Amino acid sequence: MSGFILRRLLAMIPTLLIISVIVFILIQLPPGDIISATLASLQQQGMEVSTEQIAALRAQYNLDDPMVVQYLRWITHFVQGDLGYSIKYQQPVNTLIWDRLGYTVLIAVASLLFTWALAIPIGIYSAVRQYGFGDYFFTVVGLLGLAIPNFMLALILMYCGYSWFGVSVGGLFSPELAEAPWSSAKFMDLLKHIWIPMIVIGTAGTASIMRVMRANLLDELSKPYVVTARAKGVRPLKLIMKYPVRIAINPFISTIGWLLPTLISGEAIVSIVLNLPTTGPLLLQALLSQDMYLAGSFIMLLSILTVLGMLLSDILLAALDPRIRYE
Amino acid sequence: MSQEQILSINNLTVEFGSELGTQTALHGISFVMQRGRTTAIVGESGSGKSVTAYSTLRLIEAPGRITAGEILFRPTGLPVFDILALRPDSDALYNLRGNQIAMIFQEPMTALSPVHTIGNQVMEAILTHRPVGKAEAFMQATDMLRRVGINNAAERMHQYPFEFSGGMRQRVVIAMALVCQPELLICDEPTTALDVTIQAEILALIRDLKDEFNSSVLFITHDLGVVAQIADDVVVMHQGRILESGSVRQVLKSPLHPYTRGLLGAMPGLPGLQPRRHDKARRLATVNDSQGTTDFGQHPLISLNDGRRVALPQAKIDEALKP
């Protein structure tokens, strides 16, 4: 087992190197760079910038070096933990990024747990009571959840929260606690705020997971080993949880790795609407203003998370299903 | 129901609803099983033999439905009761399944859960029905595995089904069924999925364990060769009806019903021993060749003096009985 994990970790290195090259090329692909983007917006405001100033800026940020050199500089610093310098925000990327990444992972995990806690029991119920009233009811509700755009749901929840309870529900913290150091009060405040993004982001995935769980379980329910267990005299609830659910749940474990990137990118619009301090809005800004080190380091970190998520899925799946070998 | 009868099925009717209307799988069949004997139900696919077996444990699921009849069961030393009258969630029904009546299935490859150890699944039968702890259940399960011929039983308890061959898996399924020492063992084509040498071993094993545990066996099969090896009594089924029943000697040696003769004629045997055929003498006869689409179903069963029953008009029976 430990050998398997070690091999997988080693195999991640070339994967991530290739990703880093692609990321860097993609960021450089649009014409222009951060300087020309800034310049354009300055000129729009009627300001004059001399060519010497521009050349000095370009030299300061080494923007005139060949792309390979720029890439090598970036990636060698990256592996040493220096994620570069954001020209737009005039701050090291390190100071910008970590809080937001933390909150993003927090919200992603919370939404994932919310989705599963809701979708898997409903999926089980729908399969066991196939074509019953509850099955149809939850299917309709689930598809509604899938059809309503996330930002719309966010706006509705914000409106309801504000007009019915008089609380502002944007952000992750109340304004007076946002900059405060961590304390139990701040933690409680976080819990008070996190449920809205959790529900908003979670509902989108609920419908599909519900339906997949239902279909998986229906498949398993008619398998001979279920009849064997019934003939043994095992009670229905225990039987369903022990045998078919145990097997029907495997595909979810194996797709945790894919869920991370969708959860992270799926929350960008919601984060803007709800004013969340997560990675989505910052990444969008970085890409719009061609702030290459910020955007590149960001995408690299998300890629690392994704690859780690895949590894996590594989380890969990191997632990759950004895037929999967490590070799 | 006499003391010697362990199971008496009366007028059992099972229907399956579908979009095209209701299909009747069993048209009110009746037969009795004698205690300590092996009764075989033979018939083609769709004759209702598995439905009969599943009904006995109330395992028929929607869209299937038991619409009429009774299944009287008499465990040793206990009063007789009607299995079909038990409430679906009653303790009596769950005590029946796996404890008083156990079942062995056709497909050893899929009858075991792939993600649970053999030990877990065999122990589950004990833990469900006996007030014993895990250690004791482990002992009993290991012992049972040993008795069905699995070597290194204690180690193999921790293995998964995919680490067993087909024949070994069927032994595990048999161990699982017998571990609570049921009075009645239902075998639903237990050797159909196995190759012939393994078949013989499994049949011998079932026969030995039946004697050892003093159980009665209801054996479902389409293979008359297997019937000859294992059964004491035979029930011949066709399209949800019983056409003939009697001792294995009566039914196989001197079948009265033309369908039973057709079944016997469709058995592969040595060349020359085959019944004469009117065409293409090299091909094996099928039941259809000899019987066509004759409808056998409409005559009530008539009991003969020698104990056998046959669904034919009296005149035809007399004719068939003539030497």
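The values are calculated or read from the model by the stated rules, or taken from the named source; none is laboratory data. Here the structure is a predicted model, which is why all the values come from computation and not from measurement. Cβ coordinates were reconstructed from backbone atoms using ideal geometry, including for glycine residues, and neighbour counts include every protein chain displayed. Surface accessibility is based on the protein's heavy atoms, side chains included, excluding ligands, DNA and RNA. Shrake-Rupley method; radii C 1.70, N 1.55, O 1.52, S 1.80 Å.
Values computed for the structure shown
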{"read-out": "Degrees between helix A:93-128 axis and first principal axis of chain A (Cα, 0 to 90, nearest 10)", "value": "20"}
{"read-out": "Exposure rank, largest accessible area first [B:LYS253, B:LYS316, A:LYS223, B:LYS49; 1.4 Å]", "value": "B:LYS253, B:LYS316, A:LYS223, B:LYS49"}
{"read-out": "Distribution of pairwise C-alpha distances over the range A:94-320, 10 Å bins, in %", "value": "7, 27, 30, 22, 10, 3, 0"}
{"read-out": "Separation between Cα centres of the range B:1-68 and the range A:97-125, rounded to whole Å", "value": "50"}
{"read-out": "Positive-end residue of B:LEU205, B:LEU59, B:ASN95, charge dipole of chain B with Cβ unit charges", "value": "B:LEU205"}
{"read-out": "Where B meets A: accessible area buried, both sides, 1.4 Å probe, Å²", "value": "2200"}
{"read-out": "Cα-based Rg of the range A:35-81 normalised by 2.2 N^0.38 Å, two decimals", "value": "1.47"}
{"read-out": "Contour minus Cα-Cα distance for A:SER163 and A:LEU312 (0.36 nm per residue)", "value": "49.4 nm"}
{"read-out": "Backbone HN-Hα couplings from phi across the range B:299-306 [Karplus 6.51/-1.76/1.60, Hz, Gly and Pro as x]", "value": "8, x, 5, 10, 7, 9, 5, 7"}
{"read-out": "Vicinal HN-Hα couplings computed from phi for the range A:304-321 (Karplus, 6.51 cos²θ - 1.76 cosθ + 1.60; Hz; Gly/Pro x)", "value": "4, 4, 5, 5, 5, x, 4, 4, 4, 4, 5, 5, 4, 5, 5, 6, 7, 10"}
{"read-out": "Under 5 Å, built H, 5+ apart or other chain: amide partners of B:SER216", "value": "B:GLY36, B:LEU184, B:LEU185"}
{"read-out": "Under the Karplus curve 6.51 cos²θ - 1.76 cosθ + 1.60, θ = phi - 60°, whole-Hz ³J(HN,Hα) for the range A:179-184, x wherever Gly or Pro sits", "value": "9, 6, x, 5, 8, 5"}
{"read-out": "Listed residues A:LYS238, A:LYS186, B:LYS322 arranged by accessible area, highest first, probe 1.4 Å", "value": "B:LYS322, A:LYS238, A:LYS186"}
{"read-out": "A:SER2, A:SER41, reordered so the largest accessible area comes first (probe 1.4 Å)", "value": "A:SER2, A:SER41"}
{"read-out": "More than 25 Å apart - percent of Cα-Cα pairs taken over chain B", "value": "54"}
{"read-out": "5 angstrom amide H check on B:ILE104, placed H, neighbours 5+ away", "value": "B:ILE186, B:CYS187, B:ASP188"}
{"read-out": "The protein assembly as shown - share of DSSP beta bridges that are antiparallel (%, nearest 5)", "value": "65"}
{"read-out": "Local electrostatic count at A:ALA178 - Lys and Arg +1, Asp and Glu -1, tallied over other residues with Cβ under 12 Å", "value": "-3"}
{"read-out": "Net charge contributed by nearby residues that have their C-beta within less than 15 Å of A:PHE298 (K/R +1, D/E -1)", "value": "-2"}
{"read-out": "Highest-fluctuation residue, A:ASP291, A:ASP64, A:ASP82 considered, GNM on chain A with Cα pairs under 10 Å", "value": "A:ASP64"}
{"read-out": "Kirkwood Rh, Cα atoms: Rg over Rh of the protein assembly as shown", "value": "1.16"}
{"read-out": "Percentage, to the nearest whole number, of Cα pairs in the range B:94-240 over 19 Å apart", "value": "50"}
{"read-out": "Per-residue SASA entry for B:HIS238, accessible area with 1.4 Å probe, Å² rounded to 10", "value": "30"}
{"read-out": "Cut-off under 5 Å, modelled amide H: who pairs with B:ALA68 long-range", "value": "B:THR13"}
